[in-house]
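Below: one structure, written as structure tokens.
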Amino acid sequence: MKKTNFVSLILFIGIIFLLIGCASTTAINDEHIVPPDPNNPYQGTWLSMGTQNMMYVIKGMNAAGYALVRIYGVPYWREIAVYAVNETWSLSEDGNILTVGGIRYERYEIPPK
């Protein structure tokens, strides 16, 4: 009986971690949210289209790239690179779509508080 209860407890905990990980796939912290700037169309928080597991945060002429990683099923954004935005970047912006080197990102809409 003890062994069966222990296995059931481990399975239950595993399922809880799985559900928590699936429910919050793009939990974005306040420090990653940059509002758009009418004078700089590239500024803002951008999520990769489709999978939404990559993110760019562009503020002024500085950018940071993030990847969504999971530790024990809990997602968080890990900074993978810091950039200076300049003319060597192949950027194009069309409304709420940003294209960086052929990869498309959509603007993250800041949820109302």
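A few notes on this one:
- Positions within the stretch 83-113 being surrounded by fewer than 10 Cβ atoms within 10 Å (Cβ to Cβ) and either acidic (Asp, Glu) or under 14 Å from residue 45 (Cα atoms) (or both), in sequence order: 87, 94, 95, 111
- Selection status of residue 34, within 18 Å of the chain's Cα centre (by Cα), at pLDDT 90 or above and in a loop (DSSP other than H, G, I, E, B): yes
- Flag for residue 67 being among the hydrophobic types (A, V, I, L, M, F, W, C), within 9 Å of the chain's Cα centre (by Cα), farther than 17 Å from residue 107 by Cβ and assigned to a strand (DSSP E or B): yes
- Residue satisfying condition, being modelled with pLDDT under 75, under 20 Å from the mean Cα position of the chain (by Cα) and small (Gly, Ala, Ser), within set 27, 84: 27
The values are calculated or read from the model by the stated rules, or taken from the named source; none is laboratory data. Keep in mind that this is a model prediction, so the values were computed, not measured. Methodologically, a virtual Cβ is constructed for each residue, glycine included, from the backbone with ideal geometry; neighbour enumeration extends over all protein chains shown.
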